[in-house]
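The next block holds one structure in the form of structure tokens; read it before the comments.
Computed from the coordinates by the stated procedures, all read-outs in this text should not be read as laboratory data. Given the structure is predicted, the values throughout are model-derived calculations rather than measurements. Because the Cβ atoms are built from the backbone with ideal geometry, glycine has one as well, and the counts that use them run over all protein chains shown.
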Amino acid sequence: MRLVLEKRLEQSRTMVVLTPILSVIGVMILGVIIFDAIGYDGFDAVWQLFITPVIDTYKWRDVATKAAPLILIGLGLSIGNRAKIWNIGAEGQYIVGAISAAGVAYATQEMSGFWIIPLMLIIGMAGGAAYAAIPAGLKTRYGVSEVLSSLMLVYVSVQLLSYLITGPWKDPNGMNFPQTAQLTASQLLPRELGETGLPPGLLFALVGMIIFAIIVDRTVFGFSIRAIGEAPQAARFGGFNSNRIVWAALMISGGMAGLAGTLELMQLTRLNLGYPSGYGFTAIIVSLLGRSHPFGVFVAGIVLAVTYVGGQVAQTVVHVPNATAGLFQALILFAILASDLFVRYRIKIKSSVAEIRA
Amino acid sequence: MTNGARSRDGIARLELRGITKAFPGVIANSDVHLSVKPGEIHALLGENGAGKSTLVKMIYGIMAPDSGSMMWEGQDYRASNPRAARKQGIGMVFQHFSLFEAMDVVENIALGLDSAISRSALDREIRAVMDKYGLRLDPRRIIATLSVGERQRIEIVRALLLNPRLLIMDEPTSVLTPQEVEDLFVTLRRLASEGCSILYISHKLHEIVELCDRATILRGGKVVATCDPRKETPRSMGEMMIGSDFADPARGPVSNAGPVRLAVRDLSLPKPDDFGVALQSISFDVHAGEIFGIAGVAGNGQNELLDALSGETLSAREDVIAIDKNAIGRFGPTKRRAHGLCAVPEERNGHAAIGNFTLADNAFLSARTRMGLDPQGMIDRTGAESFAQTIIKRFSVKALGPRALAGSLSGGNLQKFIMGREILQNPSVLVICQPTWGVDAGSAAAIHQAIIDLANSGSAVIVISQDLDELLRLCDRLAVINGGKLSASRKVNDVTVDELGLLMGGHHAATPTSGEHHAPRA
Amino acid sequence: MTLTFLIDALITVIGITTPILLAASGVLVVEKSGVINLGVEGMMLVGAITGFAVGFEFSDPWIGVGAAAVAGAATSMIFAVLVLSLGTNQVATGLALTIFGIGLSSLIGTNYTGFAALPFDPPFPDYLAQDPIGRVIFGHSAFVYFALILVFAIGWFLSHTRAGLVLRAVGENDFSAHSIGYPVIAIRYAAIAFGGAIAGIAGANFSMVITPLWAEQMTAGRGWIALALVVFSGWRAGRLLAGAYFFGVLMTLELYAKASGYAIMPSQFWAAMPYIIAVAVLAFISARDGRSGKEPACLGKPFLPNG
């Protein structure tokens, strides 16, 4: 008797939807074991981390606020994932997007008008897209791996941010703290949408989800993305230009990261050293957990936002260090990657006697 | 038909009894008996998909049979892995070489050996073997610069260094020029005369008649006959191999060729990368109703030529390629399709089609322009599915439906689907590279007929192939591609196999700076 | 520019280069086998905290380094199982390993923040390192000498031994190697474990010698530089050595610029320099080499023996 992995003839639809769910549950169980081993109350820790943010309505706003940028960046990344273009440096584009929008804010701090906010959003997206254009150009012209180039640029963007907020853009009224001046009223979106208490970013995420779903499933462009990711030579045979797709994928994810950065800037009302929050990296997990599909990314964004909020809760209640949230996010990523096996393969139990006769 | 371990001439070197092997969905070998004597050149004959490769993989220890037994010189034999098989004295030259492009000949051979040996000692041994068996090769060459025929020599030297008692050759001649085939036969006969047994896998009937002492014929995984090729004819063995009389595709006489539909003038392109071949001033015309063949051994620029014609590689000037007088040299594949040019690349899975995509998606991939499946940049799913369904029906593709994954189809069926997809787009010009490579006989015949029908309807068809038989049967005119250059074209009736062989073997697909020249062949 | 200044600068360069050289050496072996493990940064951090913590608990830094190597190798096995036996995507899995390593090291490290590491005894006796030249040659930590020996050993292993040839073959064409009969998966497991162990030692270098304390994410992206280094060394050990020292010089420049006040440019510019230069060199090298086959042909591709 032995277990054999048999390749499926068709990817299992049920498994595609089931595996993310199973992964999260599996990690939760693993979490209980790990925390117990280290000396905390495992069950309580996992409960606070995963469940409390979901059932405690007061936490929903926090979850939504954190989910919005994760979803937005994740949507952009999912396009690249399908094309096997790995924009690991989305964090850098997120930062540069916020910097670009902050630049507009700096230039318009004495002005007012309805046009300022849309301008900030557009420039923020453009900034992120432009920053992503660097790895795109390097890849298409020189064949440089976008993984390494986009990642190096993250560190550069962090330094750029640090320079700007300790230098030219430092808040004159800020008592020499490294931060920009606060955004003015005409530069801020309302923190909450009406009575719902939900942040505006979530609305953007919802709209984005719908738009991306149409692009991915229904357009020729979406088809070309999938083709390039599966078989680049066949995609070229089909008439799709792989260079153009590299540019498009990176700039779309850069633009989305820039948008997320701008919205986050408006939530925080100013830039400071704590701004790089790692959303760009977590969004990679979001896009993979969501199986690079817009609906999945939306849900996955919420799940990972839960772990962020839950991490803070667990720190307060169970006294586990904040770093555990990151640890769990990594475990979720491991789990979803490993569980992909079940989508492509079936487990069969074979007896050792040959079953088939001539 | 089957002998016991003792034959009239003594103990068989290798004997298989009742070998059976199954995979999900297919029985590769069923109750196979095989017996090879010492010093015998034994043919293993069968069409693509008959189970020959699977059988020898089990002899060589790459996989184990589900049931049955193997005997080596009367003793039980089981190889758990290739190393054990080599220890036993079995050498194998695969159809697909296990070579490492960036390394040189000596390193590649060293990797094929089972124990470490100093580089200088190995160099000496290699030269000794090459001298003894008449194989020519410079041990310091990097594999990437070698032609296919030269690469095969490395595989042969690797096998011979182990002093095998049984040498298995898997479809060795499909990549050789006619002259190289003769050289190979000389080497094999010398080996056999020294007592080494040779198991020669092929589907090339006239070669088997020329070379082999005995033949075992496989069809559908079963042994259908064992015979002495010297007493048979290619036709009689062909009938045993295929099982029924396939009608030879009907190619009526081509009266007057119509107007020129495809004109290629001075097509020159640099090497796509270090391992490719540069195209040099290729020029030819193809008329309506004509089937134009391009012969050549693999690695002489066929794929580069196909990419240049299909539009995957753009030409320097637009007038280099013209369809029905329209200059299309600077157009990509989509625009070329709009102008009536369709193409079928050599690689089925990964180039002509995407294995993980459905047949409907694969139909969309190439046909969306000519079949109007992409209105305003959106995908017409229903249209794609119904087109795929039409292809499946008209070309008898064995598949579960338009939603089946392309990768789940057999080679022959996928090729039929791909051919059907292009033909049903009604192209003015169709370029095909290796139309029946690795395809079972039934599908191959269907594909040939489809090509003929397309030409008869007025399109211009270009067939690039390594299989001279196929080209001679199908084409009206032929040219030979060699080192990126195209010979002048000749009418099929006016040319001999020998002439073609000379053109094919002219010089190798080495890089222009390789500096190695071959003496002109007699 | 006094001699003392130059000597000090040289010693700093050598010290700073060493962990990058170590990490890059490990990466080289792994990539030669055809696998790209982006989790270097994570494994280095795990090694850093393990070396620090174990060395502290046992009051013996050597046991700490040993533990760091074991921890690095063990962490790399998570990656190896996923990528080799379950066939997951190498880029995503490596990234997950980095995030995991960051999180795990932070978790373990919360109990050790602010403590000082135990000093290592220098490998050479003090009297050799008295005069300036002596200091440059004999005055370094054991890590420095280990790194140099390792690079040469790896270079020789790859080009002159049969095992190295087989490793290169596996990275060049895994399918062919498998057809001939080599255990591709086992070889890759071994390579990944080796890379993990070396990454762990590189991390320990940070936390036990360079800045002898533990701080979250103290490797500050050096792991990524090591990955870039391997690319633009063309997967050759000799060039790796040169490239690593080049980056060591750049990073030393950053330190001196900040400290001396001769910065001209703001300090952030110097901090960003190594990364900008890394990207520029990547572009230059990739443009020059193109697809010339210096990269192990199977790099990053999963091994699928059944087609």
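With only the Cα atoms considered, the range B:6-242 has a convex hull volume of 125 Å³ per residue.
Each residue of the range C:161-224 gets 105 Å³ once the volume of the Cα convex hull is shared out per residue. Over the range A:2-350, the fraction of Cα-Cα pairs per 10 Å bin, rounded to whole percents and listed from the shortest bin up, is 6, 23, 31, 25, 12, 3, 1, 0. Between the range C:134-190 and the range B:375-417, the alpha-carbon centres lie 48 Å apart. Between amide H atoms placed 1.01 Å from N, distances below 5 Å from residue A:271 occur with A:180, all of them 5 or more places distant or on a separate chain. Loop-resident chymotrypsin sites (Phe, Trp or Tyr not before Pro) (DSSP state other than H, G, I, E or B) in the range B:4-91 with no more than 10 further Cβ atoms inside 10 Å of their Cβ are absent. Rounded to the nearest 10 degrees, the inclination of helix A:90-107 to the longest alpha-carbon principal axis of chain A is 20 degrees. Separation of the range A:289-338 and the range B:294-346, taken as the distance between their Cα centroids, equals 51 angstrom.
Here the mean projected area of the convex hull built on the C-alpha positions of the protein assembly as shown is 51.0 nm².
Compute the angle between helix A:279-289 and the longest alpha-carbon principal axis of chain A, please, reported from 0 to 90 degrees and rounded to the nearest 10. Around 30 degrees separate the two axes.
Ignoring everything except DSSP H segments at least 4 long, calculate the 222 nm mean residue ellipticity for chain A; use -39,500 (n - 2.57) per segment, divide by total residues, nearest 500. Calculated mean residue ellipticity at 222 nm is -22500 deg cm²/dmol. What shape does the range C:1-117 have by the C-alpha gyration tensor, where a ≥ b ≥ c are the square roots of the eigenvalues, rounded means a/c under 1.5, and otherwise prolate means a/b greater than b/c and oblate the rest? It is oblate, given that a/c is not under 1.5 and a/b is not larger than b/c.
Using a cut-off of 9 Å between beta-carbons, work out the net charge of the residues near residue B:293 (Lys and Arg +1, Asp and Glu -1, residue B:293 not included). Overall, the nearby charge balance is -1. On the beta carbon distance between residue C:153 and residue A:277, with R0 = 30 Å, the FRET formula returns roughly 0.10. Over the residues of chain B, the helix contribution to mean residue ellipticity at 222 nm works out to -9500 deg cm²/dmol, using -39500 (n - 2.57) for each DSSP H run of at least 4. Geometric descriptor of chain B, per residue, is 154 Å³ (volume of the convex hull of the Cα atoms).
Cross-link pairs exceeding 19 Å between alpha carbons, from the set A:84/C:301; B:21/B:222; B:393/B:416; B:87/B:132: B:87/B:132. When both bridge partners sit in chain B, DSSP labels roughly 50% of those beta bridges antiparallel. May I ask you to derive the FRET efficiency for residue C:297 and residue B:498 from their Cβ-Cβ distance with R0 = 30 Å, giving the value to the nearest 0.05? For residue C:297 and residue B:498, the calculated efficiency is 0.20. For residue B:477, the residues whose amide H sits under 5 Å from its own are B:291, B:293, B:492, ignoring neighbours fewer than 5 places away on the same chain, with H placed 1.01 Å from N. Secondary structure note: in the protein assembly as shown, about 55% of the DSSP beta bridges are antiparallel. Distance from the alpha carbon centroid of the range C:11-49 to that of the range A:8-39 works out to 31 angstrom. Could you compute Rg(Cα) / (2.2 N^0.38 Å) for the range B:260-504, with N its residue count? Taking N as the residue count of the range B:260-504, the ratio is 0.97. One compactness figure for the range C:24-66 is 1.44, namely its Cα radius of gyration divided by 2.2 N^0.38 Å. Note on chain C: helix-only mean residue ellipticity at 222 nm, from DSSP H runs of 4+ residues weighted -39500 (n - 2.57) and normalised by residue number, equals -23500 deg cm²/dmol. Taking every alpha-carbon pair within the range A:1-155, the share separated by more than 24 Å comes to 60 percent.
Grouping the Cα pair distances of the range A:152-234 into 10 Å bins from zero gives a pair-distance distribution of 14, 19, 24, 26, 14, 3 percent in increasing distance order.
At an R0 of 41 angstrom, the distance between the Cβ atoms of residue A:347 and residue C:58 translates into a FRET efficiency of 0.40.
Shape analysis of the range C:3-289 based on the Cα gyration tensor places the equivalent ellipsoid semi-axes at 30, 22, 19 Å, largest first. With N counted as the residues of the range A:43-101, its alpha-carbon radius of gyration over 2.2 N^0.38 Å works out to 1.50.
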